[in-house]
1. Go through the stretch 1-33 and give me each residue that's assigned to a loop (DSSP other than H, G, I, E, B), closer than 14 Å to residue 66 by Cα and of a type in the set (S, T, N, Q).
2. Return a yes/no flag: does the stretch 13-28 have any residue that is among the acidic types (Asp, Glu), surrounded by 11 or more Cβ atoms within 10 Å (Cβ to Cβ) and at pLDDT below 95.
3. Taking the residues in the stretch 48-69 that are surrounded by fewer than 11 Cβ atoms within 10 Å (Cβ to Cβ) and of a type in the set (Gly, Ala, Ser) as candidates, determine which candidate is farthest from the chain's Cα centre (by Cα).
4. Please work out which residue is farthest from residue 19 (Cα to Cα), limiting yourself to the stretch 57-85 and to residues that are polar (S, T, N, Q) and outside any loop (DSSP other than H, G, I, E, B).
5. Being without any contact (Cβ under 8 Å) to a residue 40 or more places away in the chain, in a strand (DSSP E or B) and polar (S, T, N, Q) narrows it down to one of 36, 43, so name that one.
6. Scan the stretch 9-54 for residues that are touching a His at 6+ places or on another chain (Cβ under 8 Å) and β-branched (Val, Ile, Thr) and report the count.
7. Are any of the residues in the stretch 68-79 free of Cβ contacts under 8 Å to residues at least 12 places away in the same chain and among the β-branched types (Val, Ile, Thr)?
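The values are calculated or read from the model by the stated rules, or taken from the named source; none is laboratory data. All values reported here derive from a predicted model rather than from experimental measurement. Here Cβ is always computed from backbone atoms with ideal geometry, including for glycine, and neighbour counts include all displayed protein chains.
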Amino acid sequence: MNYFPKIGVVEIELFSGQLKNGQQVIFENQADLFYQQKIESMQIEQLSVDETPIASSENHVVVSMKTNQALPRNANLYIYEDITP
């Protein structure tokens, strides 16, 4: 994960799964940073996309998105899903 502070963008390499606009994601690092935000826009190779292709071990996907907070380089990304009935 790379964070570009001047433009407030994070670049993420996905190794599995898929991201979609509107999803809630959580950024976490090994300290105690937990930052949650809704994906409002994403880009792949400077093209806006509503969802990423499905990433796999053979097909990594690099996606960029705006963030509202600075993120450390070693942060992990998780998709948040509310499972309460």
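1. Selection gives 21, 23.
2. Yes, the stretch 13-28 contains a residue that is among the acidic types (Asp, Glu), surrounded by 11 or more Cβ atoms within 10 Å (Cβ to Cβ) and at pLDDT below 95.
3. The residue in question is 57.
4. The extreme case among them is 76.
5. Checking each option against the conditions leaves just 43.
6. Residues flagged as touching a His at 6+ places or on another chain (Cβ under 8 Å) and β-branched (Val, Ile, Thr) within the stretch 9-54 amount to 0.
7. No, the stretch 68-79 contains no residue that is free of Cβ contacts under 8 Å to residues at least 12 places away in the same chain and among the β-branched types (Val, Ile, Thr).
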